[in-house]
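A short worksheet on the structure shown next.
The values are calculated or read from the model by the stated rules, or taken from the named source; none is laboratory data. What you see is a predicted model; the values in this text were computed from it and never measured. Heads up, the Cβs are rebuilt from the backbone with ideal geometry, glycines too, and the neighbour counts pull from every protein chain shown. When the accessible area is computed, the model is the full protein with side chains, heavy atoms only, and any ligands, DNA or RNA have been set aside. Shrake-Rupley method; radii C 1.70, N 1.55, O 1.52, S 1.80 Å.
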Amino acid sequence: MPRPFTTEDYSARLARAAADASAAGLTGLVVAPGPDLVHLSGYRPTAVTERLTALVLSAGREPALIVPRLERPDAEKAVGAPALRLLDWSDGEDPYATAVPLLDPAGRYGVSDNAWAMHLLGLQAALPGTGWTALTEALPMLRAVKDADELDRLAAAGSAADAAYRGILEVRFAGRRETDVAADLSALLVRYGHSQVDFTVVGSGPNGANPHHEAGDRVIRPGDTVVLDFGGLKDGYGSDTTRTVHVGADVPAEVRKVHDVVREAQQTAFEAVRPGVSCQEIDRIARRVIAGAGYGEYFIHRTGHGIGITTHEPPYLVEGEERPLVPGMCFSIEPGIYLPGRFGVRIEDIVTVTEQGGRRFNNTPHELGIVA
(Lines give C-alpha, C1' and ligand atoms only; values in the text may rest on other atoms or scores of the structure.)
Protein backbone atom coordinates (compact mmCIF):
# COMPACT_ATOMS: atom_id res chain seq x y z
CA MET A 1 0.00 0.00 0.00
CA PRO A 2 1.31 3.48 -0.79
CA ARG A 3 2.01 5.95 2.00
CA PRO A 4 -1.15 8.00 2.56
CA PHE A 5 -0.93 11.68 1.72
CA THR A 6 -0.91 13.87 4.82
CA THR A 7 -2.20 17.32 5.73
CA GLU A 8 1.40 18.51 5.50
CA ASP A 9 1.60 17.21 1.91
CA TYR A 10 -1.47 19.19 0.93
CA SER A 11 -0.28 22.28 2.79
CA ALA A 12 2.97 22.20 0.81
CA ARG A 13 1.06 21.80 -2.47
CA LEU A 14 -1.21 24.73 -1.64
CA ALA A 15 1.75 26.97 -0.81
CA ARG A 16 3.60 25.95 -3.95
CA ALA A 17 0.55 26.54 -6.16
CA ALA A 18 -0.01 30.02 -4.67
CA ALA A 19 3.66 30.89 -5.20
CA ASP A 20 3.60 29.58 -8.77
CA ALA A 21 0.50 31.64 -9.49
CA SER A 22 2.21 34.77 -8.21
CA ALA A 23 5.31 34.02 -10.30
CA ALA A 24 3.05 33.68 -13.35
CA GLY A 25 1.66 37.17 -12.77
CA LEU A 26 -1.63 36.03 -11.26
CA THR A 27 -3.28 37.38 -8.15
CA GLY A 28 -4.37 33.87 -7.30
CA LEU A 29 -6.28 30.75 -8.30
CA VAL A 30 -9.92 29.69 -8.12
CA VAL A 31 -10.12 25.90 -8.23
CA ALA A 32 -13.38 24.07 -8.94
CA PRO A 33 -14.19 20.43 -8.09
CA GLY A 34 -12.06 18.12 -10.20
CA PRO A 35 -8.51 16.80 -10.36
CA ASP A 36 -6.87 20.09 -9.35
CA LEU A 37 -8.98 20.28 -6.19
CA VAL A 38 -8.16 16.66 -5.34
CA HIS A 39 -4.46 17.31 -5.91
CA LEU A 40 -4.37 20.45 -3.77
CA SER A 41 -6.69 19.50 -0.92
CA GLY A 42 -7.64 15.83 -1.07
CA TYR A 43 -11.29 16.86 -1.29
CA ARG A 44 -13.50 15.19 -3.87
CA PRO A 45 -17.20 16.15 -3.51
CA THR A 46 -19.49 13.13 -3.68
CA ALA A 47 -21.43 14.90 -6.42
CA VAL A 48 -20.67 17.96 -8.54
CA THR A 49 -23.83 20.02 -8.74
CA GLU A 50 -24.91 23.56 -9.54
CA ARG A 51 -24.00 24.59 -5.99
CA LEU A 52 -20.74 26.57 -5.85
CA THR A 53 -17.68 24.82 -4.46
CA ALA A 54 -14.37 26.64 -4.92
CA LEU A 55 -10.87 26.73 -3.48
CA VAL A 56 -9.39 30.25 -3.47
CA LEU A 57 -5.61 30.61 -3.32
CA SER A 58 -3.53 33.79 -3.17
CA ALA A 59 0.09 34.22 -2.13
CA GLY A 60 0.32 35.54 1.43
CA ARG A 61 -3.28 34.68 2.29
CA GLU A 62 -4.77 31.67 4.02
CA PRO A 63 -6.20 29.19 1.50
CA ALA A 64 -9.98 29.08 1.67
CA LEU A 65 -12.48 26.47 0.53
CA ILE A 66 -16.06 27.58 -0.13
CA VAL A 67 -18.62 24.78 0.11
CA PRO A 68 -22.40 24.46 0.36
CA ARG A 69 -23.36 24.15 4.03
CA LEU A 70 -24.92 20.73 3.53
CA GLU A 71 -21.57 19.46 2.16
CA ARG A 72 -19.39 20.96 4.87
CA PRO A 73 -19.21 17.75 6.96
CA ASP A 74 -17.75 15.89 3.98
CA ALA A 75 -15.27 18.69 3.25
CA GLU A 76 -14.12 18.66 6.88
CA LYS A 77 -13.17 14.98 6.50
CA ALA A 78 -10.71 15.70 3.66
CA VAL A 79 -7.10 15.10 4.67
CA GLY A 80 -6.13 18.57 3.48
CA ALA A 81 -8.99 20.33 5.31
CA PRO A 82 -6.89 21.37 8.35
CA ALA A 83 -4.68 23.36 5.97
CA LEU A 84 -7.70 25.36 4.75
CA ARG A 85 -10.15 27.94 6.04
CA LEU A 86 -13.59 26.45 5.41
CA LEU A 87 -16.43 28.82 4.49
CA ASP A 88 -19.98 27.72 3.75
CA TRP A 89 -23.16 29.15 2.33
CA SER A 90 -26.78 28.00 2.47
CA ASP A 91 -29.42 27.51 -0.17
CA GLY A 92 -31.20 30.82 -0.73
CA GLU A 93 -28.01 32.83 -0.11
CA ASP A 94 -25.80 34.35 -2.80
CA PRO A 95 -22.78 32.02 -2.95
CA TYR A 96 -20.70 34.61 -4.78
CA ALA A 97 -21.07 37.00 -1.83
CA THR A 98 -19.06 34.44 0.17
CA ALA A 99 -16.30 34.51 -2.44
CA VAL A 100 -16.08 38.29 -2.93
CA PRO A 101 -14.10 39.08 0.28
CA LEU A 102 -11.47 36.52 -0.76
CA LEU A 103 -10.81 38.09 -4.16
CA ASP A 104 -9.11 41.28 -5.30
CA PRO A 105 -11.67 43.36 -7.22
CA ALA A 106 -8.98 44.21 -9.79
CA GLY A 107 -7.13 40.89 -9.63
CA ARG A 108 -6.30 38.41 -12.36
CA TYR A 109 -7.05 34.80 -11.51
CA GLY A 110 -6.40 31.39 -12.94
CA VAL A 111 -9.53 29.25 -12.96
CA SER A 112 -9.91 25.49 -13.36
CA ASP A 113 -10.59 24.40 -16.91
CA ASN A 114 -13.57 22.35 -15.70
CA ALA A 115 -15.20 25.18 -13.72
CA TRP A 116 -18.85 25.64 -14.65
CA ALA A 117 -19.50 28.66 -16.86
CA MET A 118 -22.35 29.75 -14.56
CA HIS A 119 -19.93 30.05 -11.64
CA LEU A 120 -17.27 31.94 -13.57
CA LEU A 121 -19.94 34.29 -14.94
CA GLY A 122 -21.33 34.72 -11.42
CA LEU A 123 -17.92 35.72 -10.10
CA GLN A 124 -17.38 38.09 -13.01
CA ALA A 125 -20.74 39.74 -12.36
CA ALA A 126 -19.90 40.17 -8.67
CA LEU A 127 -16.42 41.51 -9.45
CA PRO A 128 -16.50 43.04 -12.96
CA GLY A 129 -12.96 44.38 -12.63
CA THR A 130 -11.37 40.95 -12.35
CA GLY A 131 -9.61 39.09 -15.14
CA TRP A 132 -9.60 35.34 -15.68
CA THR A 133 -7.47 32.82 -17.51
CA ALA A 134 -7.67 29.04 -17.85
CA LEU A 135 -5.46 27.20 -15.41
CA THR A 136 -3.99 24.99 -18.13
CA GLU A 137 -2.83 28.12 -19.94
CA ALA A 138 -1.58 29.93 -16.84
CA LEU A 139 -0.05 27.03 -14.89
CA PRO A 140 0.18 24.03 -17.23
CA MET A 141 2.75 22.35 -14.98
CA LEU A 142 0.65 22.58 -11.80
CA ARG A 143 0.43 18.78 -11.46
CA ALA A 144 3.08 17.77 -14.00
CA VAL A 145 6.08 17.16 -11.73
CA LYS A 146 5.37 14.27 -9.39
CA ASP A 147 6.87 13.74 -5.96
CA ALA A 148 8.21 10.39 -4.74
CA ASP A 149 4.87 9.19 -3.39
CA GLU A 150 3.09 10.03 -6.62
CA LEU A 151 5.78 8.22 -8.61
CA ASP A 152 5.28 5.15 -6.42
CA ARG A 153 1.55 5.18 -7.21
CA LEU A 154 2.14 5.54 -10.94
CA ALA A 155 4.69 2.74 -10.88
CA ALA A 156 2.24 0.47 -9.07
CA ALA A 157 -0.52 1.33 -11.54
CA GLY A 158 1.83 0.52 -14.42
CA SER A 159 2.78 -2.82 -12.89
CA ALA A 160 -0.88 -3.70 -12.43
CA ALA A 161 -1.60 -2.88 -16.09
CA ASP A 162 1.36 -5.06 -17.07
CA ALA A 163 -0.13 -7.94 -15.10
CA ALA A 164 -3.42 -7.43 -16.94
CA TYR A 165 -1.62 -7.62 -20.29
CA ARG A 166 0.13 -10.83 -19.33
CA GLY A 167 -3.26 -12.21 -18.35
CA ILE A 168 -4.98 -11.22 -21.59
CA LEU A 169 -2.36 -13.10 -23.62
CA GLU A 170 -3.82 -16.30 -22.14
CA VAL A 171 -7.35 -15.46 -23.29
CA ARG A 172 -8.85 -16.77 -26.53
CA PHE A 173 -9.43 -14.04 -29.13
CA ALA A 174 -10.55 -15.85 -32.29
CA GLY A 175 -14.30 -16.28 -32.57
CA ARG A 176 -15.08 -13.79 -29.81
CA ARG A 177 -16.32 -10.21 -30.04
CA GLU A 178 -14.11 -7.24 -29.26
CA THR A 179 -16.43 -6.44 -26.36
CA ASP A 180 -15.77 -9.89 -24.87
CA VAL A 181 -12.02 -9.32 -24.83
CA ALA A 182 -12.55 -5.79 -23.50
CA ALA A 183 -14.58 -7.22 -20.61
CA ASP A 184 -11.74 -9.64 -19.87
CA LEU A 185 -9.28 -6.74 -19.82
CA SER A 186 -11.51 -4.76 -17.49
CA ALA A 187 -11.82 -7.69 -15.09
CA LEU A 188 -8.05 -8.20 -15.11
CA LEU A 189 -7.38 -4.55 -14.28
CA VAL A 190 -9.74 -4.81 -11.31
CA ARG A 191 -8.19 -8.12 -10.25
CA TYR A 192 -4.78 -6.44 -10.10
CA GLY A 193 -5.89 -3.52 -7.99
CA HIS A 194 -7.55 -0.91 -10.17
CA SER A 195 -10.47 0.83 -8.48
CA GLN A 196 -11.59 2.37 -11.76
CA VAL A 197 -11.31 1.19 -15.37
CA ASP A 198 -11.32 4.14 -17.76
CA PHE A 199 -10.91 2.49 -21.15
CA THR A 200 -10.32 -0.88 -22.82
CA VAL A 201 -9.68 -0.34 -26.52
CA VAL A 202 -9.76 -3.58 -28.51
CA GLY A 203 -9.28 -2.67 -32.17
CA SER A 204 -9.23 -5.80 -34.32
CA GLY A 205 -8.36 -5.93 -38.01
CA PRO A 206 -9.47 -2.74 -39.76
CA ASN A 207 -10.77 -1.33 -36.46
CA GLY A 208 -7.17 -1.13 -35.26
CA ALA A 209 -6.62 1.71 -37.73
CA ASN A 210 -8.81 3.91 -35.49
CA PRO A 211 -6.60 4.94 -32.52
CA HIS A 212 -9.59 5.48 -30.21
CA HIS A 213 -11.83 2.70 -31.48
CA GLU A 214 -14.44 1.63 -28.95
CA ALA A 215 -14.70 -2.12 -28.62
CA GLY A 216 -17.69 -3.29 -30.64
CA ASP A 217 -19.46 -6.40 -31.83
CA ARG A 218 -16.96 -7.30 -34.52
CA VAL A 219 -15.95 -10.95 -34.18
CA ILE A 220 -12.18 -11.32 -34.03
CA ARG A 221 -10.82 -13.66 -36.70
CA PRO A 222 -7.68 -15.74 -37.10
CA GLY A 223 -5.11 -13.58 -38.88
CA ASP A 224 -6.32 -10.31 -37.28
CA THR A 225 -3.91 -7.80 -35.84
CA VAL A 226 -5.40 -6.36 -32.62
CA VAL A 227 -4.50 -3.12 -30.82
CA LEU A 228 -5.03 -3.30 -27.04
CA ASP A 229 -5.03 0.05 -25.22
CA PHE A 230 -6.24 0.00 -21.62
CA GLY A 231 -5.94 1.70 -18.26
CA GLY A 232 -7.63 3.28 -15.28
CA LEU A 233 -6.92 4.36 -11.73
CA LYS A 234 -5.13 2.51 -8.95
CA ASP A 235 -4.71 4.28 -5.60
CA GLY A 236 -5.88 7.45 -7.33
CA TYR A 237 -3.26 7.47 -10.11
CA GLY A 238 -3.48 6.39 -13.71
CA SER A 239 -2.28 3.56 -15.88
CA ASP A 240 -2.27 3.59 -19.67
CA THR A 241 -0.50 1.06 -21.86
CA THR A 242 -0.84 -0.27 -25.39
CA ARG A 243 0.42 -3.45 -26.97
CA THR A 244 -0.38 -4.97 -30.34
CA VAL A 245 -1.05 -8.68 -30.78
CA HIS A 246 -1.75 -11.02 -33.69
CA VAL A 247 -4.27 -13.84 -33.73
CA GLY A 248 -2.25 -16.88 -34.76
CA ALA A 249 1.46 -17.35 -35.39
CA ASP A 250 1.26 -16.88 -39.19
CA VAL A 251 2.01 -13.17 -39.23
CA PRO A 252 2.04 -11.34 -42.61
CA ALA A 253 5.35 -9.73 -43.52
CA GLU A 254 3.88 -6.23 -43.64
CA VAL A 255 2.41 -6.55 -40.16
CA ARG A 256 5.85 -7.54 -38.85
CA LYS A 257 7.46 -4.68 -40.75
CA VAL A 258 5.05 -2.06 -39.42
CA HIS A 259 5.35 -3.41 -35.91
CA ASP A 260 9.16 -3.30 -36.11
CA VAL A 261 9.02 0.33 -37.25
CA VAL A 262 6.73 1.34 -34.38
CA ARG A 263 8.86 -0.55 -31.89
CA GLU A 264 11.98 1.23 -33.14
CA ALA A 265 10.23 4.61 -32.96
CA GLN A 266 9.06 3.96 -29.41
CA GLN A 267 12.47 2.78 -28.25
CA THR A 268 14.34 5.63 -29.94
CA ALA A 269 12.01 8.21 -28.39
CA PHE A 270 12.40 6.60 -24.97
CA GLU A 271 16.20 6.67 -25.22
CA ALA A 272 16.05 10.41 -25.94
CA VAL A 273 14.27 11.20 -22.65
CA ARG A 274 16.46 13.25 -20.32
CA PRO A 275 16.24 16.56 -18.48
CA GLY A 276 16.42 19.59 -20.74
CA VAL A 277 15.15 17.94 -23.92
CA SER A 278 12.00 19.64 -25.18
CA CYS A 279 8.69 17.84 -25.27
CA GLN A 280 8.41 18.43 -29.00
CA GLU A 281 11.82 16.86 -29.60
CA ILE A 282 10.58 13.49 -28.30
CA ASP A 283 7.68 13.74 -30.76
CA ARG A 284 10.04 14.67 -33.60
CA ILE A 285 12.35 11.74 -32.88
CA ALA A 286 9.54 9.17 -32.96
CA ARG A 287 8.07 10.79 -36.08
CA ARG A 288 11.40 10.76 -37.94
CA VAL A 289 11.71 7.00 -37.53
CA ILE A 290 8.20 6.39 -38.85
CA ALA A 291 8.50 8.90 -41.67
CA GLY A 292 11.88 7.45 -42.65
CA ALA A 293 10.24 4.06 -43.11
CA GLY A 294 7.62 5.56 -45.42
CA TYR A 295 4.69 5.61 -43.01
CA GLY A 296 4.77 9.24 -41.88
CA GLU A 297 1.25 10.08 -43.08
CA TYR A 298 -0.13 7.18 -41.04
CA PHE A 299 1.14 8.44 -37.68
CA ILE A 300 -1.87 10.64 -36.95
CA HIS A 301 -1.60 11.70 -33.30
CA ARG A 302 0.91 13.19 -30.86
CA THR A 303 3.59 10.97 -29.39
CA GLY A 304 2.42 11.30 -25.81
CA HIS A 305 0.52 12.94 -22.99
CA GLY A 306 1.10 13.50 -19.30
CA ILE A 307 -0.55 11.27 -16.73
CA GLY A 308 -1.26 11.44 -13.00
CA ILE A 309 -4.59 11.88 -11.25
CA THR A 310 -6.06 11.99 -14.76
CA THR A 311 -5.08 9.94 -17.78
CA HIS A 312 -4.47 12.98 -19.98
CA GLU A 313 -2.80 16.09 -18.57
CA PRO A 314 0.24 18.25 -19.34
CA PRO A 315 2.92 17.87 -20.54
CA TYR A 316 2.07 16.87 -24.12
CA LEU A 317 4.71 15.45 -26.45
CA VAL A 318 3.70 17.28 -29.59
CA GLU A 319 5.13 19.72 -32.12
CA GLY A 320 5.06 23.26 -30.75
CA GLU A 321 5.50 22.26 -27.09
CA GLU A 322 8.94 23.69 -26.37
CA ARG A 323 8.80 23.11 -22.62
CA PRO A 324 11.86 21.15 -21.44
CA LEU A 325 11.57 17.85 -19.65
CA VAL A 326 12.39 17.93 -15.93
CA PRO A 327 12.76 15.09 -13.42
CA GLY A 328 9.42 13.93 -12.07
CA MET A 329 7.43 14.54 -15.24
CA CYS A 330 5.42 11.47 -16.27
CA PHE A 331 3.97 10.84 -19.72
CA SER A 332 3.17 8.24 -22.35
CA ILE A 333 5.36 7.45 -25.33
CA GLU A 334 2.99 5.87 -27.85
CA PRO A 335 3.83 6.15 -31.53
CA GLY A 336 1.57 4.28 -33.93
CA ILE A 337 0.91 3.50 -37.58
CA TYR A 338 -2.67 3.20 -38.81
CA LEU A 339 -3.40 1.81 -42.28
CA PRO A 340 -7.05 2.64 -43.09
CA GLY A 341 -9.24 -0.38 -43.78
CA ARG A 342 -6.44 -2.80 -42.91
CA PHE A 343 -4.84 -2.71 -39.44
CA GLY A 344 -3.05 -0.57 -36.90
CA VAL A 345 -0.06 -0.90 -34.59
CA ARG A 346 0.71 1.07 -31.42
CA ILE A 347 3.15 0.51 -28.55
CA GLU A 348 2.77 2.61 -25.41
CA ASP A 349 4.60 2.87 -22.12
CA ILE A 350 4.29 5.37 -19.29
CA VAL A 351 7.68 6.97 -18.67
CA THR A 352 9.07 9.30 -16.01
CA VAL A 353 12.05 11.62 -16.32
CA THR A 354 14.97 11.02 -13.95
CA GLU A 355 18.29 12.82 -13.62
CA GLN A 356 19.86 10.01 -15.66
CA GLY A 357 17.23 9.72 -18.40
CA GLY A 358 13.92 7.89 -18.68
CA ARG A 359 12.37 5.18 -16.52
CA ARG A 360 9.52 3.02 -17.75
CA PHE A 361 6.50 2.18 -15.63
CA ASN A 362 5.45 -0.48 -18.16
CA ASN A 363 7.83 -3.36 -18.71
CA THR A 364 6.01 -6.05 -20.70
CA PRO A 365 7.69 -7.17 -23.93
CA HIS A 366 7.40 -4.89 -26.95
CA GLU A 367 7.42 -7.81 -29.38
CA LEU A 368 4.26 -8.54 -31.32
CA GLY A 369 2.17 -10.71 -29.01
CA ILE A 370 0.72 -13.94 -30.39
CA VAL A 371 -2.73 -14.98 -29.16
CA ALA A 372 -5.08 -17.83 -29.98
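A few points about this structure:
- Distance in nm between pseudo-label sites at F199 and E355 (7 Å out along the Cβ direction from Cα): 3.5 nm
- Sorting 340-347, 71-78, 166-173, 25-32 by average packing, meaning the other beta carbons within 10 Å per residue, from highest down gives 25-32, 340-347, 166-173, 71-78.
- With all protein chains in place and a 1.4 Å probe, the accessible surface of the chain carries 51 percent carbon and sulfur.
- Total formal charge among the other residues, if their Cβ is under 13 angstrom from that of A182, Lys/Arg +1 and Asp/Glu -1: -4
- Folded to 0 to 90 degrees: helix 148-168 orientation relative to the chain principal axis, Cα: 30 degrees
- Per residue Cα convex hull volume in Å³ - calculated over the stretch 7-91: 84 Å³
- Residues of the stretch 70-97 with amide N under 15 Å of a point placed 7 Å along Cα→Cβ from A126: 86-97
- Under 19 Å from the W116 label point (7 Å along Cα→beta-carbon), backbone N, the stretch 63-104: 65-75, 87-100
- Positive minus negative residues near Q280 (Lys, Arg vs Asp, Glu; Cβ under 9 Å): -3
- Distance histogram in 10 Å bins (all Cα pairs of the chain, percent per bin): 5, 23, 28, 22, 15, 7, 1, 0
- Taking 0.36 nm per residue of separation and subtracting the current Cα-Cα distance, fully stretching the chain between E50 and I370 would add 110.2 nm.
- Coupling constants for the stretch 45-59 follow from the phi torsions by the Karplus curve (6.51 cos²θ - 1.76 cosθ + 1.60, θ = phi - 60°), and in residue order they are x, 5, 8, 9, 10, 6, 6, 5, 10, 7, 9, 10, 10, 8, 4 Hz; glycine and proline get x.
- Angle in degrees between helix 178-191 and the longest Cα principal axis of the chain, rounded to the nearest 10: 60 degrees
- Relative to the dominant Cα principal axis of the chain, helix 117-126 is inclined by about 20°.
- Computed lengthening from E62 to V100, 0.36 nm per intervening residue step minus Cα-Cα distance: 12.2 nm
- Mean-position separation - Cα centroids, the stretch 60-125 and the stretch 231-253, in angstrom: 41 Å
- For the stretch 172-230, the equivalent ellipsoid derived from the Cα gyration tensor has semi-axes of 20, 12, 8 Å, listed largest first.
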